[in-house]
Amino acid sequence: MTDDRLLACARVRLPDGLSAALGPGALIGRAFTADARVDDGRVSEAHAMVSLRGGELVLFALRGRLRVGERNVTRVTLEPGQRIELAAGVELLVEEVELPETLLALEGPGVARQALVGVTSVLTAPALHLVNGPHPSAAALVWSDGVRWRVRVGQGAPRPLQAGDCIEVGGHTLTATEIPRVVVGVAETTPRTSALGRLRIVSLFDSVQVWREGATSPCVLRGQQARLFAELLAVGGPMRWELVAAELWPGGEESSALRHRLDVTLARLRQTLKAAGVRRDLVTAHRNGHLELLLYPGDQAEDRG
């Protein structure tokens, strides 16, 4: 690994002896779709996930357990030389952790600076914004090939992307810049008015107030709806649905049951927001399995939980 890649990544040796490079959002499990597949029946389909938290790469337990030394843990900060047990005799060895001081980010007029931690889609409707994962309506797509960042605008040819480069899309200009790793995940807002009405959000974890500009009272979320919303706000970026569900229902249910409970809660949350006149895409579900709070320029969010 090289320091000029501007990519946070951990290289892990799997039980079969092969190595896998895992960045933020990478899944470990026995499913064919897992980024690091462990072909063992004692390992869950979506066993654990890598996330960038507080400038460090952290492995979170999802449907399975994690054991480091003599302790069972739900999360572990990845460090070289670490041995992490997924099941009895099924072990990962952390060979290398790459944490550059800066990461590549995109920013532009009305678009808060957002670090690139995976595939990123550039959308132009209803306003210019960025979402995690490939999107069918993307005007441009940014991704990593494991060594460098790449960008494709429309149906054009992919090209390298590095700090200082510009992306012209839909009459707008996005600029690639570097951002300190330690601030990734901190929400940024700009004091500009959105045509859809600004929002002010106050999260108390067990309850969340969503104030719509011009409204005389807030939309109040409670119970699991509030907890779901608060988890996404606390992360400050895209979050895998498995990790959200594990935080809300830590009892170790089957993946299908957890997904059903999450879908029901998400549907009720959106109904509550719609009834209060709050835009539907505030809580966005991406096709790659991530959930995210989509804050527009001028929105303000305060996490008191």
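The values are calculated or read from the model by the stated rules, or taken from the named source; none is laboratory data. Only a predicted model underlies this, so the values are computations on that prediction, with no experimental measurement involved. Cβ atoms come from the backbone with ideal geometry, glycine included; neighbour counts cover every protein chain shown. Surface accessibility is based on the protein's heavy atoms, side chains included, excluding ligands, DNA and RNA. Shrake-Rupley method; radii C 1.70, N 1.55, O 1.52, S 1.80 Å.
Has region 237-247 got any residue that is surrounded by 15 or more Cβ atoms within 10 Å (Cβ to Cβ) and out of contact with any strand residue (DSSP E or B) (no Cβ under 8 Å at 6 or more places or on another chain)? Break it down stepwise before answering.
Taking region 237-247 first, the residues surrounded by 15 or more Cβ atoms within 10 Å (Cβ to Cβ) are 237-247.
So of that shortlist, the ones also out of contact with any strand residue (DSSP E or B) (no Cβ under 8 Å at 6 or more places or on another chain) come out as 245, 247.
Checking region 237-247: at least one residue is surrounded by 15 or more Cβ atoms within 10 Å (Cβ to Cβ) and out of contact with any strand residue (DSSP E or B) (no Cβ under 8 Å at 6 or more places or on another chain).
Just need a number here: residues in region 74-106 that are open to solvent by less than 20 Å² (accessible area, probe 1.4 Å), out of contact with any strand residue (DSSP E or B) (no Cβ under 7 Å at 6 or more places or on another chain) and in a loop (DSSP other than H, G, I, E, B). Reasoning before the result, please.
Pass one, region 74-106, residues open to solvent by less than 20 Å² (accessible area, probe 1.4 Å): 76, 78, 84, 86-87, 90, 92, 94, 98, 100, 103-106.
Still in the running and out of contact with any strand residue (DSSP E or B) (no Cβ under 7 Å at 6 or more places or on another chain): 87, 90, 100.
With in a loop (DSSP other than H, G, I, E, B) added as a condition, the list becomes 100.
Number satisfying all stated conditions: 1.
Of these, L273, L266, which one is surrounded by 15 or more Cβ atoms within 10 Å (Cβ to Cβ) and closer than 26 Å to A34 by Cβ? Let's see the steps before the verdict.
Details: L273 fails: closer than 26 Å to A34 by Cβ.
The match here is L266.
Quick test of your reading of the structure: A257 fulfils all but one of (1) at pLDDT 80 or above; (2) touching a strand residue (DSSP E or B) at 6+ places or on another chain (Cβ under 9 Å). Name the failing condition by number.
Checking A257 against (1) at pLDDT 80 or above; (2) touching a strand residue (DSSP E or B) at 6+ places or on another chain (Cβ under 9 Å), the one that fails is (2).
From the list L295, L282, which one is in contact (Cβ under 8 Å) with a residue 60 or more places away in the chain, open to solvent by less than 20 Å² (accessible area, probe 1.4 Å), under 19 Å from the mean Cα position of the chain (by Cα) and on the phi < 0 side of the Ramachandran plot? Working first, answer last.
On the way: L295 fails: open to solvent by less than 20 Å² (accessible area, probe 1.4 Å).
Answer to the check: L282.
Going residue by residue through region 44-56, is there one that turns out to be among the polar types (S, T, N, Q), open to solvent by 20 Å² or more (accessible area, probe 1.4 Å), under 25 Å from H286 (Cα atoms) and more than 17 Å from the chain's Cα centre (by Cα)? Spell out how you get there, then give the answer.
Residues of region 44-56 that are among the polar types (S, T, N, Q), as a first pass: 44, 51.
Going one step further and asking which of them are open to solvent by 20 Å² or more (accessible area, probe 1.4 Å), we end up with 44.
Among the residues that remain, those that are also under 25 Å from H286 (Cα atoms) are: 44.
From what is left, the residues that are more than 17 Å from the chain's Cα centre (by Cα) are 44.
Checked region 44-56: at least one residue is among the polar types (S, T, N, Q), open to solvent by 20 Å² or more (accessible area, probe 1.4 Å), under 25 Å from H286 (Cα atoms) and more than 17 Å from the chain's Cα centre (by Cα).
Any idea which of (1) in contact with a His (Cβ under 8 Å, 6 or more places away or on another chain); (2) of a type in the set (S, T, N, Q); (3) in a loop (DSSP other than H, G, I, E, B) is the one S121 doesn't satisfy?
Every listed condition holds for S121 apart from (3).
With the structure loaded, tell me whether R198 is more than 23 Å from S51 (Cβ to Cβ), in contact with a Phe, Trp or Tyr (Cβ under 9 Å, 6 or more places away or on another chain), modelled with pLDDT of 95 or more and open to solvent by 60 Å² or more (accessible area, probe 1.4 Å) or whether it fails that test.
no
Which residues, taken from region 32-73, are in contact (Cβ under 8 Å) with a residue 60 or more places away in the chain and either outside any strand (DSSP E or B) or more than 22 Å from V235 (Cβ to Cβ) (or both)? Step through it out loud before you land on a result.
At the first step, the residues of region 32-73 found to be in contact (Cβ under 8 Å) with a residue 60 or more places away in the chain are 44-46, 49, 51-55, 60-63.
Correct list: S44, E45, A46, G54, G55, L62, R63.
Could you check region 124-161 and list, in sequence order, the residues that are open to solvent by less than 60 Å² (accessible area, probe 1.4 Å), part of a loop (DSSP other than H, G, I, E, B) and under 18 Å from G289 (Cβ atoms)?
Residues satisfying the conditions are G133, A138.
Out of the residues in region 107-123 that are open to solvent by 40 Å² or more (accessible area, probe 1.4 Å) and under 13 Å from the mean Cα position of the chain (by Cα), state the one that is nearest to G298 (Cα to Cα). I'd like the intermediate steps shown before the answer.
Within region 107-123, the subset open to solvent by 40 Å² or more (accessible area, probe 1.4 Å) is 107, 109, 113-114, 117, 119.
This time we only want the ones that are under 13 Å from the mean Cα position of the chain (by Cα), so: 114, 117, 119.
Working: Q114: 16, V117: 24, V119: 25 Å.
The qualifying residue nearest to G298 (Cα to Cα) is Q114.
Assigned to a helix (DSSP H, G or I), open to solvent by 40 Å² or more (accessible area, probe 1.4 Å) and at pLDDT 90 or above, is that true of Q209? Step through it out loud before you land on a result.
On the way: assigned to a helix (DSSP H, G or I): no; open to solvent by 40 Å² or more (accessible area, probe 1.4 Å): yes; at pLDDT 90 or above: yes.
In short, no.
Taking region 250-263, which residues are more than 21 Å from the chain's Cα centre (by Cα) and open to solvent by less than 40 Å² (accessible area, probe 1.4 Å)?
A257
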